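**Q** Sending over a structure as structure tokens; questions will come in a sec.
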Amino acid sequence: MDSTADKAIHLLGLHRDPTLLTVVNVWDVISAQVVADTTGTTALATASHSIAASYGYEDGENIPVELMIEAVGRIAAAVDLPVSADLEGGYGNAAETVRRAIGVGIVGANIEDQMRPLAEAATQVEEIMAAADEEGIDFVLNARTDAFVKAGDRDPAEVLADAVERGKAYLAAGAPTVFVPGRLDEHQVTTLVDAYGPQRLTLIGVPGSLSLARLEELGVARVSYGPISQRVALTALQEFVEEIHRGGVVPEGTRPLN
């Protein structure tokens, strides 16, 4: 895949394939290369929380957009796989942020609705897809609704209805897929797939999630892992430090990096 346009087409195809796409999120060049070089990896996704943390920023668009674009661009340039970027809410101008991301080789993105008024959020989706079209890219916008993330103590049935309404609006506005983060049960997943159509829903893997095999059977397009992959890596680092402080040695099976 030589061109950004080719990578975008390939990434969209991976979402449309009935085989569940799994992406373990990365946050810098070395994590991207390790994941990309692992057998079975077909695409990469960045995690905004993890990138921000690696630069010393809190999540929530506190990292300067210029630094985020530079970070995801370095990742895209370091691997030969399609890369989708977590671009939070778009840093004030989602369409322009996506345009800049395409310019550094990014072919998909998560953009949060942050539970803005639905008409405003759907218009943002239209603007993003129009900007991508102007760049000649079949951009894989993973339009995120925060219905479950920001549910609070609302009635779960109302939250699910919100996710259905918002996701359908984003698909109608041109988004290829809808990201609904949260720990969803089988009824909720089935309802969303029925509403959006198969291979249109993407989820996050968290403790207590349905199995990957079951999500594939239900017609989910993709599962990603957000900042969890960085937490796994840092947990291993912390455990190594603890072992050294106890007088231990380097763990057997530690792999060299190319």
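The values are calculated or read from the model by the stated rules, or taken from the named source; none is laboratory data. Just so it is clear, the model here is predicted, and its values are computed rather than measured. Here the Cβ is made from the backbone with ideal geometry for all residues, glycine too, and neighbour counts use every protein chain on show.
**Q** Go through 8, 53 for me and flag whichever is closer than 17 Å to residue 97 by Cβ, modelled with pLDDT of 95 or more and of a type outside the set (Lys, Arg).
**A** Criteria check complete, one pass: 8.
**Q** Here is a further query. Read through the list (1) surrounded by 20 or more Cβ atoms within 10 Å (Cβ to Cβ); (2) assigned to a helix (DSSP H, G or I); (3) of a type in the set (S, T, N, Q), then give the number of the only condition that residue 199 fails.
**A** The failed condition is (2).
**Q** Just need a number here: residues in region 94-121 that are under 19 Å from the mean Cα position of the chain (by Cα) and either of a type in the set (A, V, I, L, M) or in a loop (DSSP other than H, G, I, E, B) (or both).
**A** 15
**Q** Taking the conditions exactly as written (in contact with a Phe, Trp or Tyr (Cβ under 7 Å, 6 or more places away or on another chain) and either without any contact (Cβ under 8 Å) to a residue 40 or more places away in the chain or more than 16 Å from residue 145 (Cα to Cα) (or both)), does residue 204 satisfy them or not?
**A** Criteria met by residue 204.
**Q** Quick one: which residue in 247, 226, 182 is in a loop (DSSP other than H, G, I, E, B), closer than 20 Å to residue 46 by Cα and free of Cβ contacts under 8 Å to residues at least 60 places away in the same chain?
**A** 182
**Q** A further question on this structure: Just checking, does region 134-157 include any residue being surrounded by 19 or more Cβ atoms within 10 Å (Cβ to Cβ), of a type in the set (A, V, I, L, M) and over 25 Å from residue 75 (Cα atoms)?
**A** Within region 134-157, one or more residues are surrounded by 19 or more Cβ atoms within 10 Å (Cβ to Cβ), of a type in the set (A, V, I, L, M) and over 25 Å from residue 75 (Cα atoms).
**Q** Next up: Considering 129, 68, which residue is without any contact (Cβ under 8 Å) to a residue 24 or more places away in the chain, crowded, with 20+ Cβ neighbours inside 10 Å, part of a helix (DSSP H, G or I) and out of contact with any Lys or Arg (no Cβ under 9 Å at 6 or more places or on another chain)?
**A** After applying the criteria, what remains is 68.
**Q** Moving on. Looking only at region 68-100, count every residue that is aliphatic (A, V, I, L, M) and closer than 26 Å to residue 117 by Cβ and tell me the total.
**A** 6
**Q** Another question about this same structure. Out of all the residues in region 173-202, which are more than 21 Å from residue 155 (Cα to Cα) and among the hydrophobic types (A, V, I, L, M, F, W, C)?
**A** 173, 175, 178, 201, listed by residue number.
**Q** So which residues in region 55-67 are within 20 Å of residue 114 (Cα to Cα) and touching a Phe, Trp or Tyr at 6+ places or on another chain (Cβ under 7 Å)?
**A** 61, 63, 65
**Q** Might you let me know whether region 153-163 holds any residue that is under 20 Å from residue 223 (Cβ atoms) and touching a Ser or Thr at 6+ places or on another chain (Cβ under 8 Å)?
**A** Checking region 153-163: at least one residue is under 20 Å from residue 223 (Cβ atoms) and touching a Ser or Thr at 6+ places or on another chain (Cβ under 8 Å).
**Q** Select from region 32-62 the residues that are surrounded by fewer than 18 Cβ atoms within 10 Å (Cβ to Cβ), assigned to a loop (DSSP other than H, G, I, E, B) and not small (Gly, Ala, Ser) and list them in ascending order.
**A** Selection gives 37, 38, 39, 41, 42, 55, 57, 58, 59, 62.
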